[in-house]
1. I'd like the full set of residues that are more than 24 Å from residue A:22 (Cβ to Cβ) and surrounded by 14 or more Cβ atoms within 10 Å (Cβ to Cβ), limited to the range A:97-127.
2. Taking the range B:117-135 as the search range and keeping residues that are at pLDDT 95 or above and part of a loop (DSSP other than H, G, I, E, B), which one is nearest to the other protein chains (Cβ to nearest Cβ)?
3. Here is a list of conditions, (1) over 30 Å from residue A:133 (Cα atoms); (2) surrounded by 12 or more Cβ atoms within 10 Å (Cβ to Cβ); (3) within 16 Å of DNA strand D (Cβ to nearest atom), and residue B:35 meets all of them except one; can you say which number that is?
4. Within the group B:88, B:78, B:12, which residue is within 16 Å of DNA strand C (Cβ to nearest atom), without any contact (Cβ under 8 Å) to a residue 60 or more places away in the chain and within 10 Å of chain A (Cβ to nearest Cβ)?
5. Kindly establish whether residue A:63 is assigned to a helix (DSSP H, G or I) and in contact with a helix residue (DSSP H, G or I) (Cβ under 7 Å, 6 or more places away or on another chain).
6. Give just the number: which of (1) modelled with pLDDT of 95 or more; (2) away from chain A (no Cβ under 14 Å) does residue B:27 not satisfy?
7. Among (1) within 14 Å of chain B (Cβ to nearest Cβ); (2) not in a helix (DSSP H, G or I), where does residue A:110 come up short?
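The values are calculated or read from the model by the stated rules, or taken from the named source; none is laboratory data. Only a predicted model underlies this, so the values are computations on that prediction, with no experimental measurement involved. Don't worry about glycine lacking a Cβ; one is built from the backbone with ideal geometry, like all the others, and counts go over all protein chains shown.
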DNA sequence: TATTGTTATACTCTATAACTATA
DNA sequence: TATAGTTATAGAGTATAACAATA
């Protein structure tokens, strides 16, 4: 028989990446999902927490505890939307943006090292193809 | 800023693959980990359950319940090793091998469909690079 | 004393439903 | 009535330690 299932292969690669990311994020005082939240907020503030949860592919009820802690650390702000007082607009603070950039730099460095043995063409194809498959 | 983190990309692709696999495995009466176990056993019988667990990247204590059910369904056999009566050699039955092949065929078909828009070269590079990154 | 398989226990993560305040 | 945020609860998944049998 031939190759390993593509799914199994992706699981192994993903697990390896996550295992490598975890200590880097720990050192910055961020959980994996806190980092994901900061990264999405770095693109643009979220009009509602629900929108942020959906964007992250995460559950809105679990996101709350994450945002609570990020707010407590001063990395994000939750401001009531003046036009819909049910909603809370979520945005990074300056400290939050700084923290996100630091963590992302660590992660990018780790990824570069991991991709060290690949050619530029292989790297480009990898990203391109994964982006397609991610849908 | 530039691209998404490689890790985030892999998480999304992996999640998509798993979401697509789950209903296929459900239809064959297999959990994800049961399928992983059958697939590893299809390569070769396992000399011990611990060896199988390690090969799968799974926990030996959780594997037991999986193997219990697979044995109850007649898909695997656990025979005491005559040379070390602590150990139990695990191997597929004919039914187990058949079930694994059916499930794998379903999964391969799904994967082919997912890769439909890619060139042969892209597919080859994807597999090759992922295999390298999987370590 | 160390190892295989097993069981038990505690802990975390996840999913679901219900509550409040607004609309 | 429907939605955003929140809280509570139950279930699944996970990690750890302890036990019996064998080496």
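1. Listed by number, the residues that qualify are A:122, A:125.
2. Residue satisfying both the conditions and the ranking: B:118.
3. Single failed check for residue B:35: (1).
4. Exactly one of B:88, B:78, B:12 is within 16 Å of DNA strand C (Cβ to nearest atom), without any contact (Cβ under 8 Å) to a residue 60 or more places away in the chain and within 10 Å of chain A (Cβ to nearest Cβ), namely B:12.
5. On the way: assigned to a helix (DSSP H, G or I): yes; in contact with a helix residue (DSSP H, G or I) (Cβ under 7 Å, 6 or more places away or on another chain): yes.
So residue A:63 passes the test.
6. All conditions pass for residue B:27, except number (1).
7. (2)
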